[in-house]
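The values are calculated or read from the model by the stated rules, or taken from the named source; none is laboratory data. What you see is a predicted model, and the numbers here were worked out from it, not measured in a lab. All Cβ positions, even for glycine, are placed from backbone atoms using ideal geometry, and neighbour counts span all protein chains on display.
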Amino acid sequence: MAACIVAGLAFGIVGPFGTFLNGSLPTVMAYWTAVLMLSGIVLGLFVRFACAWAHYRRLPPWIWMAGILIVSAPPLAIMSRTLAVTLWPEVDTSVGWIEWHGQTLAISAICLLLYVAFRFRTLWPLPSREGVAVAPHWTARLSPQLRRSVICLQMEDHYVRFHTRSGSKLLLMPLGQAIAQLDAVDGLQVHRSWWVARHAVEGVIRDGRNLRLRLTTGIEAPVARAKVATLRSAGWLPPVLPMSNHQERDTA
């Protein structure tokens, strides 16, 4: 969003597509900043889901990028034109819908190409020596601070969130692959969507028949009932902790 704001201010100063003639500089800058922020939100949502979908179907980037432009351009054209007509009513008669749609496609294509070029390593897998697409090792995709101590992994749709003592990072990869790359760390998958490092467990929270692991950073990882026996036999279950204050309020 910061990049969208900077780009919007720059567009406002340049005034592309004749917008420099429409009004005062602050108004034109405000218009383009709003348009670029809307574009960032819409394109960002489409990239998140389209890239994950294409990743598992091994589609080349140009195919899903073209699909994003085709699908996202109409709503962006409607939103930007509505805003422009609100500020400058004469735009409704001076610029046709076809021309407006073409301008929207041009701006969207530039924004999408720059975003994908900047985030290509994390959005798309790297080719292996055998020519099979594989995601780069997670240690190559995290900062040194985040690599120091992994607390747990949390699956979010097609992504995995790496929780560490220094923060968290969301990466596009299957949870099973992430766990396999942590074979040197003593840990267990405690839930369909969670893997936890043993050293990070400081207690267990019992809420009725449900168990959650309290981790050193305050995260609470749910434990699947099918995993309770495995954790108990591995000596993972320390003394049960009382429910937290917010849980007591919820129970009340």
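Figure legend. Inter-residue proximity from segment 169-198: first residues free of Cβ contacts under 8 Å to residues at least 60 places away in the same chain and in a strand (DSSP E or B), second residues acidic (D, E) and surrounded by fewer than 18 Cβ atoms within 10 Å (Cβ to Cβ), beta-carbon distance below 7 Å, spacing 6+ or different chains. Indicated pairs: L170/E156; A197/D186. When each of R161, R165, R209 is tested for being more than 30 Å from L45 (Cα to Cα) and not assigned by TED's automatic domain parsing to the domain that holds L45, the lone residue that passes is R209.
Restricting attention to segment 135-152, the residues being under 15 Å from the mean Cα position of the chain (by Cα) and modelled with pLDDT of 80 or more number 0. Please tell me if A234 is under 22 Å from H163 (Cα atoms), of a type outside the set (S, T, N, Q) and modelled with pLDDT under 85. So A234 fails the test. Is there a residue in segment 182-193 that is charged (D, E, K, R) and modelled with pLDDT of 85 or more? Yes: segment 182-193 contains one or more residues that are charged (D, E, K, R) and modelled with pLDDT of 85 or more.
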